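Remarks on the structure that follows.
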Amino acid sequence: MSYKRQRLGAKLVRAATSEERYRDIHVFIGGTGAVGGTALLQMLLMYEEMMSIRAAKADDVPVLVTTGKGPDDLQAFTRRLFRFIESRHGAEKRPRRISSGYLTHSGIFIALERFQLTALAGLEEIQKTPAGERAEFVRSYLSRLGGSGSAFDILLGAISQTRPISVFLRNYQSAHFREAPPSPFC
């Protein structure tokens, strides 16, 4: 069947009746912003729709992980989440705070995590370094990276080896889902 001919409603009904999606973990990198936050809220709606067709079992909790650079991003998203849920379900159905996130009345956990994407960890410290000391900072940073050749070659080699999103995902899974076997995130 052509991908364009598939209907979302039919896919949600299939997913709800099979119950195979109720333990998924979805990660929204930058999910506190306008685009990522909206995507997360739409995913929340899809899970609520599925759960209205067939309720999840007590141990089946879909997890929606959103990331923000810092507390301001996470607080802004939390306010948006609460307004969104209150507009659909009323103030009495506000999410409950649990650990590093919120559990909705429908049984969906929304995790809030700090994450800032950087090409090379520690390089952002150059902004805090006085202008007269920056050349030494760069020399020291390049020597810590190792490698040989020009500064450009060393930086290019280091950047090609970094996998900040993969590291974040592995760390998140090992911190929160130790018993779960490694698998691709959705």
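The values are calculated or read from the model by the stated rules, or taken from the named source; none is laboratory data. All of these numbers come straight from a predicted model, not from anything done at the bench. When we count neighbours, we look across all protein chains shown, and the Cβ atoms used for this are built from the backbone with ideal geometry, even at glycine. Side chains included, ligands, DNA and RNA excluded: accessible areas come from the protein's heavy atoms. Shrake-Rupley method; radii C 1.70, N 1.55, O 1.52, S 1.80 Å.
Key figures
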read-out: Set ILE110, ILE159: member being in contact (Cβ under 8 Å) with a residue 40 or more places away in the chain and touching a Phe, Trp or Tyr at 6+ places or on another chain (Cβ under 6 Å); value: ILE110
read-out: Of the criteria (1) open to solvent by 90 Å² or more (accessible area, probe 1.4 Å); (2) in a helix (DSSP H, G or I); (3) not small (Gly, Ala, Ser), which one LYS57 fails; value: (2)
read-out: Test: residue in the stretch 129-136 that is touching a helix residue (DSSP H, G or I) at 6+ places or on another chain (Cβ under 7 Å) and on the phi > 0 side of the Ramachandran plot; value: no
read-out: Boolean, ALA180 is open to solvent by less than 60 Å² (accessible area, probe 1.4 Å), more than 24 Å from LYS69 (Cβ to Cβ) and not in a helix (DSSP H, G or I); value: yes
read-out: Evaluation of ALA76 against (1) over 24 Å from SER166 (Cα atoms); (2) assigned to a loop (DSSP other than H, G, I, E, B); (3) of a type in the set (Gly, Ala, Ser); (4) in contact (Cβ under 8 Å) with a residue 12 or more places away in the chain (one fails), failing number; value: (2)
read-out: Selection status of THR104, in contact with a helix residue (DSSP H, G or I) (Cβ under 6 Å, 6 or more places away or on another chain), touching a residue at least 40 places away in the same chain (Cβ under 8 Å) and under 26 Å from MET46 (Cβ atoms); value: no
read-out: Selection status of GLY9, modelled with pLDDT of 95 or more and open to solvent by less than 60 Å² (accessible area, probe 1.4 Å); value: no
read-out: Residue within the stretch 64-73 that is over 29 Å from SER174 (Cβ atoms) and of a type outside the set (Ser, Thr, Tyr) present; value: no
read-out: Filter result (open to solvent by less than 10 Å² (accessible area, probe 1.4 Å) and of a type in the set (Ser, Thr, Tyr)) within the stretch 60-80; value: THR66, THR67
read-out: Selected residue [surrounded by fewer than 12 Cβ atoms within 10 Å (Cβ to Cβ) and within 27 Å of the chain's Cα centre (by Cα)] from GLN161, GLN116, GLN173; value: GLN161
read-out: Among (1) of a type in the set (Ser, Thr, Tyr); (2) at pLDDT below 90; (3) buried (at least 16 other Cβ atoms within 10 Å of the Cβ), the one test that THR104 misses; value: (2)
read-out: Contacts under 8 angstrom Cβ, first residue in the stretch 122-135 being open to solvent by 80 Å² or more (accessible area, probe 1.4 Å), partner part of a helix (DSSP H, G or I), 6 or more apart; value: ARG134/ILE126
